[in-house]
Amino acid sequence: LRWLDRMEDSNDISLVYLSTHGFPLGFDIPPADEAYGTDEALVSYWGFSFPGLVIWDDELNVLLNRLESKGVCLIVDSCYAGGFNDPSNWNSTDIPTDSQHQMAYAAEEWAKGFGEDVRGQKRVVLMGSCEDEEAVSGGFGPYLVDGIRGYADSNDDGIISAEEVFFYAEPRSFQMQHPTLYDGYDGELPIMTVQSS
């Protein structure tokens, strides 16, 4: 992600596809922004050998916020992927400190602010499962890949959008997981052109 930040600029569309094991951390790393009381994390390449090498949802959010791209598509294909739709611009001073108000904030105000904040960065997030469910290996990713390869071009305009990919993959996904989408991009976010044969 740091490499991507160095390479992209405001003329680019960035696509970040993460496919690995996901899990709830069991606690909410400040800021206290999780309605379920726990951040979600992804296992990094070396994470199985060194358990501390994970990336959690807030950390991923900070790294994505560094991108200047005119549109960002984040795909998280893992268990508990729905937890990776955090607002792009949170401010810990805006979050109440007592637990009763934190839960009310998370359930109401956070949800309201989420749409505005993410839309500000023009981010589309495709998640292979809900925040509170496990996923099946191969239950979402292969359909995403097929969609990106061209099968998702539902309007035959030669451009594959993040939204088209999601709506192609979601109904084909394994029935025990429920892919989710957050769309903070005005119109459709183009991520690929279809090569004519």
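Just so it is clear, none of the values below were taken in a lab; they were calculated from the coordinates. None of these values were measured; they are calculated from a predicted model. Backbone-built Cβ (ideal geometry, glycine too); neighbour counts: all protein chains shown.
Output wanted: per-residue J couplings in Hz (rounded whole) for the stretch 130-146, from phi through Karplus 6.51 cos²θ - 1.76 cosθ + 1.60, θ = phi - 60°, x for Gly and Pro.
Along the stretch 130-146, the couplings run 6, 5, 10, 9, 7, 10, 10, 4, x, x, 9, x, x, 6, 4, 4, 4 Hz.
Looking only at Cα atoms, what is the convex hull volume of the stretch 6-85 per residue, in Å³?
102
Amide H neighbours of residue 184 under 5 Å, counting only residues 5+ apart in sequence or on other chains, H built in-plane at 1.01 Å?
It is 123, 124, 125, by chain and number.
Using θ = phi - 60° and the Karplus relation 6.51 cos²θ - 1.76 cosθ + 1.60, list the HN-Hα couplings for the stretch 48-61 in order, rounded to whole Hz, with x at every Gly or Pro.
Listing the rounded values in order: 6, 7, 10, x, x, 8, 10, 10, 9, 4, 5, 5, 4, 4 Hz.
Quick query: amide H of residue 75 versus all other amide H atoms, modeled in the peptide plane; which residues come in under 5 Å with a sequence gap of 5 or more or a different chain?
16, 17, 18, 126
Taking H as built 1.01 Å from N, whose amide H comes closer than 5 Å to the amide H of residue 129, not counting residues under 5 places away?
Close amide H contacts, sequence-distant or interchain: 78, 81, 82, 180.
Subtracting the Cα-Cα distance from 0.36 nm times the residue separation, let me have the gained length for residue 178 to residue 157 in nm, one decimal.
Full extension of this stretch gives 4.8 nm more.
Enter the Cα centre distance for the pair the stretch 1-36 and the stretch 135-188, rounded to the nearest angstrom.
A separation of 19 Å, based on Cα centres.
Set the Förster distance to 41 Å, then compute FRET efficiency between residue 3 and residue 193 from the Cβ-Cβ distance, nearest 0.05.
Approximately 0.95, to the nearest 0.05.
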